[in-house]
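Asker: Here you go, one structure.
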Amino acid sequence: MTAESAPAPAAPAGAAEPRHGLRIFLIWLVLSAIVDPIIWFVWGPHLPPGAMSDTAASQQVDITVMAVMSAPVILFVLIYFIYALITWRQKPGDEEDGPPIHGNARISATWIIGTAVIVLGLFVYGTVELIVPAGAGAGEGNTPIWRPSGGTPLQVQVIAQQWRFTYRYPQFGGFETTDLVLPVGREVQFNVTSLDVIHSFWAIQLAVKADANPQLNNVAYTKTLHTGSFTVRCSELCGLWHGAMFDTGRVLSVAGFQAWATRTEAQLAALTRQLPPYALTYDANSVKQLGKAFHQAGLFGAGGNYYGSQYPVSP
Amino acid sequence: MSLPVRVATLLVAFVAVVGGAVFVVVHYLLGGPPVEDFTVGHVAGQPVNIVMQTDASSSPTAVPDHPTWVSYFIKNPQTGAWVHTTLFKVPANTRVNMTILGYDGSTPIRNQVWGHVTGTIGGVAYYGGKPVTTVNGWNGPYLIQHTFAIPSIGLNVPVEAGPGTCLNGPCTSNAHSTTTFSFMTPSHSGVFRWQCFIPCGLSFLYGNGGPMSTIGYMGGNMEVVG
């Protein structure tokens, strides 16, 4: 395009100027036709975060689409760059400037329309992809806009604290454990909260990521598709042991999960009786036992800073 | 500016930069609490006995940096002296018999799940010889002061509250609680962090700053040597 309106300055007078634009276009078309199928069929299925859940699979497709769309753009830039280096290299003794291309309406229009189509297309595609898998695995706050349709999701509460995640299962008596175990083929609703500072729950291969805020509930959805293990990491810098705040979750068969949940519920029955009633947040003002314990211990003001005004807060 | 002045300025700037870098490396990267080595003289197959203590605060002589902070101490296996550190080295695949002397008072537990004993041999800990598996940290009189937890091996033990509070650690003659338990070290080498899960840093936001966020006080590393 630019090449057609910017003929080589060093071309000999009277010689027919090749159709550089057409050459570049054809080279670009052939390479794009080769590279894009390779990305889609060969590279795409191996891109993170995999396909362990519907949100992960959706994100994998999105990243693949982005790669397929961006590859021709990158190819065009590289092809033009290399073509220009070869074709329009300055000849020895040639001190002449190239012709100005200011005011070329065709180039301007092509540039504006092309970029607008790409950006708006990605905007629409991204918005649809955010809605379809019920929020795409992201935290949607306490009142999620997008919910999965049909069936009752498995409720799993993620409780973050410095420096460990624990998980509570309200549909199984409300037991709390350090193990995150899920059944395959089931919608899961994560209710994410924190007992202290801001953390972030990131189940990498499930493509679920939700901030864990104290005194707030943050909801994220996913549907497990395959059995296996996945990594959970805190993705919000949260203090000394932030880098060690990770563990491994498991997706089991339905029968395997049921057996694990039933067994764990029984094993932790004594502990569960001492836990506060299941709630979406656990600050000292809303958990009766905790508030009472702090009050009796003289640790007033526990709802905010945990320790009261008799202990001035240090920086 | 004359040449000698320029050269002198350059040298001063160079020395300042290098000096600053050396200070950072020595003070922050190479500094820190000592490591108590329980592998010296260890006979394969024999257990390792570790004794620690918790103190509400310490003497300025023992802990000059932050004597007002709550802290663990470890008894040196060779000399028997109390050392202000939370770093210790143990052999792999070895039974550790841990004794924690509690010279601190009680603190309500933030998350009751840490009142549950996990990862010990037999799934049990002992308060003064009495077995416990789950301790209610919210019912007064409060039974727990801190926890000793190594998350990556699933170990968590709530430490019994002491009958009093010793403010001049390391303490030897005051009344104290005694929490004992045993666990197996991993079969492979590595560094395993341990920490207290009760936010006990008085004067810090949510009780989690200061001693909770500084190695040498309420958290540290267990280095396992294969």
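Laboratory data are not the source of any read-out in this text; all were calculated from the coordinates shown. Since the model is a prediction, treat every value here as computed from it, not as a measurement. Cβ: placed from backbone, ideal geometry, glycine included. Neighbour counts: every protein chain shown.
Asker: Per the Cauchy relation, a quarter of the hull surface: what is the mean projected area of the convex hull of the alpha carbons in the stretch B:183-224, in nm²?
Answerer: 3.3
Asker: May I pose another question? Which longest uninterrupted range of chain A lacks any trypsin sites (Lys or Arg not before Pro) assigned by DSSP to a loop state (not H, G, I, E or B) and surrounded by at most 15 other Cβ atoms within 10 Å?
Answerer: My reading of the result: A:90-315 is the longest stretch.
Asker: Which value, to two decimals, describes the C-alpha radius of gyration of the protein assembly as shown once divided by 2.2 N^0.38 Å?
Answerer: 1.31
Asker: Output the 0 to 90 degree angle, nearest 10, between the alpha-carbon long axis of helix A:20-37 and the longest principal axis computed from the alpha carbons of chain A.
Answerer: 30
Asker: Work out the FRET efficiency for A:Trp146 and A:Leu120 from their Cβ-Cβ distance, taking R0 = 25 Å, and round it to the nearest 0.05.
Answerer: The pair A:Trp146/A:Leu120 has a calculated efficiency of 0.70.
Asker: Can you list the HN-Hα couplings for the stretch A:134-143, worked out from phi with the Karplus curve (6.51, -1.76, 1.60; θ = phi - 60°), rounded to whole Hz and with x for Gly and Pro?
Answerer: 6, x, 6, x, 8, x, 10, x, 6, 10
Asker: Which residue fluctuates most in the GNM of chain B (Cα springs below 10 Å): B:Val15, B:Val113, B:Val135?
Answerer: With Cα springs under 10 Å in chain B, the top fluctuation among B:Val15, B:Val113, B:Val135 is at B:Val15.
Asker: Just for chain B, what percent of DSSP beta bridges are antiparallel, to the closest 5?
Answerer: That works out to approximately 65 percent antiparallel.
Asker: Indicate the gyration tensor shape class of the stretch A:135-231 (rounded, prolate or oblate), computed on the Cα atoms with a ≥ b ≥ c the square roots of the eigenvalues: a/c under 1.5 is rounded; otherwise a/b larger than b/c is prolate and the rest oblate.
Answerer: Rounded.
Asker: Additional query: Compute a Gaussian network model of chain A, connecting alpha carbons closer than 10 Å, and tell me which residue from A:Val61, A:Val192, A:Val73 fluctuates the most.
Answerer: The residue with the greatest mean-square fluctuation here is A:Val73.
Asker: Which of the three applies to the stretch B:75-122, rounded, prolate or oblate, going by the alpha-carbon gyration tensor with a ≥ b ≥ c and a/c under 1.5 meaning rounded?
Answerer: oblate
Asker: Right, another one. On C-alpha positions alone, give me the angle between the axis of helix B:3-24 and the longest principal axis of chain B, in degrees, nearest 10.
Answerer: Helix B:3-24 and the main axis of chain B meet at about 10 degrees.
Asker: Over 10 Å intervals from 0, what percent of Cα-Cα pairs in the stretch B:87-226 sits in each interval?
Answerer: In order of increasing distance, the bins hold 13, 42, 37, 9, 0 percent.
Asker: Return the calculated 222 nm mean residue ellipticity for chain A, to the nearest 500 deg cm²/dmol, obtained by summing -39500 (n - 2.57) across DSSP H runs with n ≥ 4 and dividing by the residue count.
Answerer: Helix-only estimate at 222 nm: -12000 deg cm²/dmol.
Asker: Are there cysteines in the protein assembly as shown with no other Cys C-beta under 4.7 Å, and if so, which?
Answerer: Lacking a cysteine Cβ partner under 4.7 Å: A:Cys234, A:Cys238, B:Cys196, B:Cys200.
Asker: In Å³ and rounded to a whole number, note down the convex hull volume per residue for the Cα atoms of the stretch B:79-160.
Answerer: 127
Asker: Cross-link candidates for B:Lys130: which aspartates and glutamates have Cα within less than 17 Å, leaving aside residues fewer than 8 places away along the same chain?
Answerer: Partners within reach: B:Glu160.
Asker: Taking a temperature of 25 °C and a viscosity of 0.890 mPa s, what whole-number D in µm²/s does Stokes-Einstein yield for chain A with Rh from Kirkwood over alpha carbon pairs?
Answerer: Rounded, D is 102 µm²/s.
Asker: Shape of the stretch B:17-122 from its Cα gyration tensor (a ≥ b ≥ c, root eigenvalues): rounded if a/c is under 1.5, otherwise prolate when a/b > b/c, or oblate?
Answerer: It is oblate, given that a/c is not under 1.5 and a/b is not larger than b/c.
Asker: Using unit Cβ charges (K, R positive; D, E negative) and no other charged atoms, how large, in debye to the nearest 20, is the dipole of chain A about its Cα centre?
Answerer: 860
Asker: Positive end of the dipole of the stretch B:35-225, charges at C-beta (+1 Lys, Arg; -1 Asp, Glu), about the Cα centre: which of B:Asn168, B:Val135, B:Thr61 has its Cα farthest in that direction?
Answerer: Of the listed residues, the answer is B:Val135.
Asker: Further question: Any chance you could run the full-extension gain for A:Gln267 through A:Arg106? It's 0.36 nm times the residue separation minus the Cα-Cα distance, nm to one decimal.
Answerer: 50.6 nm
Asker: Amide H neighbours of B:Val48 under 5 Å, counting only residues 5+ apart in sequence or on other chains, H built in-plane at 1.01 Å?
Answerer: B:Arg95, B:Val96, B:Asn97
Asker: I would also like to ask the following. Of A:Pro183, B:Ala125, B:Ile74, which is farthest along the charge dipole of the protein assembly as shown in the positive direction, counting Lys and Arg as +1 and Asp and Glu as -1 at C-beta?
Answerer: My answer, from the dipole projection, is B:Ala125.
Asker: Hey, in the GNM for chain A with a 10 angstrom Cα cutoff, which one of A:Ser58, A:Ser200, A:Ser286 fluctuates hardest?
Answerer: A:Ser286
Asker: Shifting gears a bit: Report the charge-dipole magnitude of the protein assembly as shown in Debye, nearest 20, computed about the Cα centre from +1 at each Lys and Arg Cβ and -1 at each Asp and Glu Cβ.
Answerer: Here the size comes out at about 860 debye.
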